Amino acid sequence: MNHYIEEYYDVIVVGAGHAGCEAALACARLGLKTLVFTVSVDSIALMPCNPNIGGTSKGHLVCELDALGGEMGKCIDDTFIQSKMLNKSKGPAVHSLRAQADKMAYIGRMRKTLENTENLRIKQGEVAELVTEPCPEQERADGQPEQKAGQDKKKIAGVKTTSGAFYHAKKVILCTGVYLNARCIYGEVSEHTGPNGLRAANQLTASLMAQGIPVRRFKTGTPARVDRRSIDFSKMEEQKGDEELRPFSFSNEPWDIQREQVSCWLTYTNEKTHEIIRSNIGRSPLFSGDIVGTGPRYCPSIEDKVVKFPEKDRHQIFVEPEGLYTNEMYLSGMSSSLPEDVQHAMIRTMPGFEHAEIVRNAYAIEYDCIDATCLRPTLEFKEISGLYAAGQINGSSGYEEAAVQGFMAGVNAALSACGREEVVLDRSDGYIGVLIDDLVTKESHEPYRMMTSRAEYRLLLRQDNADLRLRETGYRIGLVSRQEYEAFLEKKRMIAEEIERMEKTIAGSNEKVNAFLEKHGSATLPDSRGVSFAELIKRPELSYELLSEIDSQRKPLPWRVCEQVNIEIKYEGYIRRQMQQVEHFKKLEKKKLPKDLDYEALSGLRLEARQKLNKIRPENIGQAGRISGVSPADISVLMIYLEQMGKGTDK
Amino acid sequence: MIGQTIAAIATGLTESGIGIIRISGPESYEIAKKIFRKKNGSVPELSESHKVHYGFILSQAAEEHVSRETSGQILDEVLMLNMKGPRSYTGEDTIEIDCHGGILMMKRVLDTVLRAGARLAEPGEFTKRAFLNGRLDLSQAEAVIDVINAKNDRALKASVAQLKGSVSEKIRKCRETLLEDTAYIEAALDDPEHIELTGFSEKLLRDVEQTEQTLGRLISSSEDGRLMKEGINTAIVGKPNAGKSSLLNVLLGEERAIVTDIAGTTRDTLEETINLRGVTLNMVDTAGIRNTEDTVEKIGVERALKAARNADLVIYVADASVPLDDSDRRIIAFLSQEEKKTIVLLNKNDLAGMVSEREIRELLPEDTCILSISAKHEVGIEELEQRIEEMFYTGSLSYNDELYITSARQKEALVKAAAALRQVRESVEQGMSEDFYSIDLMNAYTELGYILGEEVDEDLVNEIFSKFCMGK
């Protein structure tokens, strides 16, 4: 039987999309012999939908990923063609960076990085089967006595490809994106392909199911692409990029990323568009029932919007370039699965699109993914040790959501392979923590998108301080260089020093100060009473930057330091309140629950709680409390049991 | 969490009894020093443990415009016991206050303690702490869990069921407004290119002020106990034609009964509040089931049993003029199984008796009170009233103490919600950006949710998606 290739690796990554790239890079950079599979080498880091990276809350993810030592932020900094800070008029917690990518440049840049990373090999091929073996007794968690829940535990051994080759590996990370049993649909047309006509992976699902992994079907979609030459931009509103550019990556400075930007354009649908949609709605596979997968509510197709919000007489459509290399323009807001002829007709009703030529039709795509509650917060399968999953296979959506999961899965696979302690970010560490905790704790019934409202400590989880939150962790993992780390420590020192100086420097009640205050519409200081600079910064109409006029002692500091000083002083009260909440939250997160605890045996819990806890098997009391169907009384009961067992305390 | 100081009424709530307020946790001594004064007005000396102090409880300044209480007034004459941890029930520093003045006074003293910095104990929390602090044996863990579960179940039942319909309706409306406004802000933050926030803070401010006013009114009502349907929940059960309606009519008779009907409250059609010799009974009149002449007699029994299950006292009216039938046997089986406080009335004693006291006594617990009456001729009613009064004053029947806990918990939630809204208002007035509002708005929303017993979880995300057209 030795006619097939047989090779040995430390880590195998299945898929080279945004999750797969970060996973493979993290593992290889941590010194593990890594192999990444892709159905097509040309589709590494492909952006098959929107041509941008970042946006509200996604920008946060990219910054956090960068702070930890991921690649996405650096890659988009190198390849963007327009950059914009969203929510600039709002508080700093919701400022979100979004950059239009040159898709070809982005995937080229990422592919080159992968190809030139030591320990990393790329292979074009389709993984057909997961190979597992029984988990040896001694590898059970914490040497706890064997319990029922742990009985069928398996261990990953490697993967087989459709060609019959067998690749042994200590760890396998599944980053299959939307490719499992993918089917693209528009109108009556249905093709069994992945995005952009790429081949689907049609065998792996059966293997996942045979391994007992819960599989379900989700749906998403993408709008049409139109030839730039056929569009009349004079009838649209121009959307320019920011004049002041700001990088995603903490390793880049604004002057590193200066370049000429291209514009996006804004147009609107109208009654005519809606009329065409309404009269053809019966031909949509979504409404005819041909599509069974669950679609995302936050990214509805245009026909969904028209049906669901009949009172809106127009919808915004942003027209975005796919890159400098092409004339294709992406119609953001126009995703659809209506038949080709309807798509043509409806697009041509919009101002500027009267003579539009479609290059690629809009389509919906259905795919298999897993119920991520079968994963631990490390993204490792509870029942199959050494197997991880990241990205859209976990029921998330979005490049950024995928990338951060890929990174965390890669890091944990690598750390575990080296016998090092795993890294789990919690909900107070970052959006990454919120995202993964939601995925593995709450049963989601639609593709999961990050939103700032999902982060309960968002005043602390800002883009601007992602490095202050996570650089340390990235360095400890080994993916942030010594040089980057030292720059970070220096920054931290400067911030602390300057904040202290602001608190100690007193603005006296003199002519200069009062003239300054008056100029900025701020109350002047009463005679003989001075206030600290910090107090003045807290006033809504003033800022650290403005205070330079009366701050004769000020030394020039890096812009990132100035920004932190301003934010930390200005919002101190709010920040302090959130820190207190975090403290409370951390206490519960520290109360660990035994991995193999059989909740069915804990008769004091209500039936629903027992079932949910046994299914999700949370890592700690905090996570247990976030499971829907587990009440505060159940948590009290659980704490009593823990105490009785003499485990799980943080003493 | 251990670390916070908790307080609750530790004894049953009977009108005549002495009530104990227990405070446990690191700040309990501080709280005692704040609210307790010796007879000569001095602060108590607490350095020696396990000492009894005699003095007064003084009212505490309430939060501005959320309460009418004023500070420094003498509320009650009390005995106070201080116990230094770990030599206390919970193993923590503990203060116990024995107050004299009946239920209302206990509530006011508890309120004062909460205002001075304690938080209301969760159901079973003292026991839980005792256990977690090693004061109870490991073998008692099961018992602790039972206490938590039992208390929690009852508290949950009380929480929503006891709330007046009009009150929950108001709170529900407030929540709807808060959720809608928050969802608008959040939708705009998540999708700034589609949804505009300009000018929204004016609308928000109006909504917040209005909600604050509503909450303020609810908080004052809560101080008078007007939020809750108070009294002993009493169910009258019995098969059709046993005489339940007649009994109720007799009890409601003009001379004896006071029927409360506070303006602005929706009175449940099947419920009457009766005051019998100073004891408030909240009657659940299963006699109101009208369609029992039909073949649906069974349904009537089901509904009666459901009412009985939630009651503190069950008055079972048996028709003594006909032999016991299946309906009677089901009711009796239920009563003995649920171990409810029960008074059995053998009605129609003016007719030939077909049911004997002995027959029923064999089927029910020994101490069950059985009386022979005639509702129609008003015979035996006097005795019935006397027995109820006795049961109450001997403590075998008491107001549902979970109700008071619930009521205090609900007030706590109202106060916190109002405080969160004040934060919102301040943020708006200080010109903070919109993303700061939603945190406090959601806090208020969550607090109000506790009152209605509703979980928050995905509400906001669902609201955003259902109301706003999002995304690409």
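The values are calculated or read from the model by the stated rules, or taken from the named source; none is laboratory data. Predicted model, so just to flag it, every value in this text is computed and none were measured. For neighbour counting, all protein chains shown are included, and Cβ atoms are generated from backbone atoms with ideal geometry for every residue, glycine included. Quick note on the areas: whole protein, heavy atoms, side chains included, nothing else; ligands and nucleic acids left out. Shrake-Rupley method; radii C 1.70, N 1.55, O 1.52, S 1.80 Å.
I want to confirm something. Restricting to the stretch B:78-116 and keeping residues that are among the small types (Gly, Ala, Ser) and open to solvent by less than 40 Å² (accessible area, probe 1.4 Å), which single residue is farthest from B:Lys33 (Cα to Cα)?
Among residues in the stretch B:78-116 that are among the small types (Gly, Ala, Ser) and open to solvent by less than 40 Å² (accessible area, probe 1.4 Å), the one farthest from B:Lys33 (Cα to Cα) is B:Gly102.
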Within the stretch A:39-55, track down each residue that is open to solvent by less than 10 Å² (accessible area, probe 1.4 Å) and in contact with a helix residue (DSSP H, G or I) (Cβ under 7 Å, 6 or more places away or on another chain). A:Ile44, A:Ala45, A:Met47, A:Pro51, A:Ile53, A:Gly54
For the stretch B:328-376, give me each residue that is surrounded by 18 or more Cβ atoms within 10 Å (Cβ to Cβ), part of a helix (DSSP H, G or I) and within 32 Å of the chain's Cα centre (by Cα). B:Asp328, B:Ile331, B:Ile332, B:Phe334, B:Leu335
Checking A:Gly352 against (1) more than 12 Å from chain B (Cβ to nearest Cβ); (2) open to solvent by 10 Å² or more (accessible area, probe 1.4 Å); (3) part of a loop (DSSP other than H, G, I, E, B), only one condition comes out false. Which one? (2)
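This table checks each residue for (1) charged (D, E, K, R); (2) more than 20 Å from A:Gln463 (Cβ to Cβ).
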position	(1), (2)
A:Ala515	no, yes
A:Ala534	no, yes
A:Arg560	yes, no
A:Asn566	no, no
A:Gln578	no, no
A:Lys587	yes, yes
A:Leu593	no, yes
Single residue of A:Val637, A:Val630 found to be within 10 Å of chain B (Cβ to nearest Cβ), open to solvent by less than 20 Å² (accessible area, probe 1.4 Å), touching a helix residue (DSSP H, G or I) at 6+ places or on another chain (Cβ under 6 Å) and modelled with pLDDT under 90: A:Val637
Of all residues making up the stretch A:303-349, the number that are assigned to a helix (DSSP H, G or I) and open to solvent by 10 Å² or more (accessible area, probe 1.4 Å): 7
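Among the residues of the stretch B:101-131, write down those that are assigned to a helix (DSSP H, G or I) and within 13 Å of another protein chain (Cβ to nearest Cβ).
Step one: list which residues in the stretch B:101-131 are assigned to a helix (DSSP H, G or I), which gives B:102-115, B:125-131.
Listed by number, the residues that qualify are B:Glu125, B:Phe126, B:Thr127, B:Lys128, B:Arg129, B:Ala130, B:Phe131.
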Complete set of residues in the stretch A:577-622 that are within 13 Å of chain B (Cβ to nearest Cβ), assigned to a helix (DSSP H, G or I) and open to solvent by 80 Å² or more (accessible area, probe 1.4 Å): A:Gln580, A:Glu583, A:His584, A:Lys587, A:Leu607, A:Glu608
Would it be correct to say that A:Leu130 is touching a residue at least 60 places away in the same chain (Cβ under 8 Å) and either part of a loop (DSSP other than H, G, I, E, B) or over 20 Å from A:Ala403 (Cα atoms) (or both)? yes
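Within the bounds of the stretch B:143-150, is there any residue that is modelled with pLDDT under 80 and more than 25 Å from the chain's Cα centre (by Cα)?
Step one: list which residues in the stretch B:143-150 are modelled with pLDDT under 80, which gives B:143-150.
From what's left, more than 25 Å from the chain's Cα centre (by Cα): none.
Checking the stretch B:143-150: not a single residue is modelled with pLDDT under 80 and more than 25 Å from the chain's Cα centre (by Cα).
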I'm checking my understanding of the structure. Among residues of the stretch A:51-93 that are assigned to a loop (DSSP other than H, G, I, E, B) and touching a His at 6+ places or on another chain (Cβ under 8 Å), which one is nearest to the other protein chains (Cβ to nearest Cβ)? A:Asn87
Scanning the stretch A:378-428 for residues that are closer than 20 Å to A:Arg454 by Cβ and aromatic (Phe, Trp, Tyr), which turns out farthest from the chain's Cα centre (by Cα)? A:Phe407
Flag for A:Arg427 being outside any helix (DSSP H, G or I), farther than 14 Å from A:Glu22 by Cβ and modelled with pLDDT under 95: no
Could you please tell me which pairs satisfy a Cβ distance under 8 Å, a separation of 6+ or placement on different chains, a first residue in the stretch A:163-175 that is under 14 Å from A:Gly125 (Cβ atoms), and a second residue that is surrounded by fewer than 24 Cβ atoms within 10 Å (Cβ to Cβ) and among the basic types (Lys, Arg)? A:Phe166/A:Lys160; A:Tyr167/A:Lys160
Which one of these does A:Ser552 not meet: (1) polar (S, T, N, Q); (2) surrounded by fewer than 19 Cβ atoms within 10 Å (Cβ to Cβ); (3) closer than 28 Å to A:Leu461 by Cα? (3)
